[in-house]
1. With a ≥ b ≥ c taken as the square roots of the eigenvalues of the C-alpha gyration tensor of the range 13-162, please select rounded if a/c is under 1.5 and otherwise prolate if a/b is larger than b/c or oblate if it is not?
2. Expressed as a whole number of Å, what is the distance separating the alpha-carbon centroids of the range 119-164 and the range 27-98?
3. Testing the spin-label approximation: label points 7 Å from Cα along Cα→Cβ at residue 139 and residue 41. State their distance in nm.
4. Beta carbons within 10 angstrom, averaged per residue: use that to sort the peptides 36-43, 131-138, highest first.
5. Using Cα pairs under 8 angstrom and six or more residues apart, how large is the relative contact order of the range 69-117, in percent?
6. Suppose a student asked you for the relative contact order of the range 13-162, using Cα pairs under 8 Å spaced at least 6 residues apart; what percent would you report?
7. Determine by what factor the alpha-carbon radius of gyration of the range 90-164 differs from 2.2 N^0.38 Å, reporting the quotient.
């Protein structure tokens, strides 16, 4: 397999996140699955090649491997914590949402907040497709263009602790 080394900056399509009104039973169930602490175990790229990328306008993709993500469904808040000492470590606070279609979770979205849950960056955020979501694992995917060709970024999460 030919290895291609390219520098890409991932600027996922910014979206304006809107607050949710009442949630469907299916959406509530999907959201409840997220409650707790997760580890982002792997960031991989679909297709051929190697890419160096910055995720979520924050740090290099390799810094996210081993990061801790926490979700609380009753108020749609949480954080991710970069723990790799070779990276800019620390917590980043988020407000998140799940969109579904016909009872099936399809999109995971989040935007950055401060410690007091106030929006940062004018309420814009990031969206990822939900490939799979169950009580112990989650796979999210984003497609970006590199030299006019689509490249999938795949995020593999494993749940480490349920919300108590």
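1. On the way: a/c = 1.41, a/b = 1.25, b/c = 1.13.
It is rounded, given that a/c, with a ≥ b ≥ c, falls under 1.5.
2. The distance from the Cα centre of the range 27-98 to that of the range 119-164 comes to 8 Å.
3. 1.2 nm
4. Values: 36-43: 17.6, 131-138: 13.8.
In decreasing order of mean packing, 36-43, 131-138 become 36-43, 131-138.
5. Working: 79 pairs, mean separation 13.6, N = 49.
So the answer I get is 28 percent.
6. Details: 320 pairs, mean separation 40.5, N = 150.
Relative contact order, the range 13-162: 27 percent.
7. Working: Rg = 14.4 Å, N = 75, 2.2 N^0.38 = 11.3 Å.
In units of the 2.2 N^0.38 Å rule of thumb, it is 1.27.
Readers should treat all values here as calculations from the given coordinates under stated rules, not as data from a laboratory. Remember, it's a predicted structure, so these values are computed and weren't measured experimentally. Glycine gets a Cβ as well: all are built from the backbone with ideal geometry, and neighbour counts include every protein chain shown.
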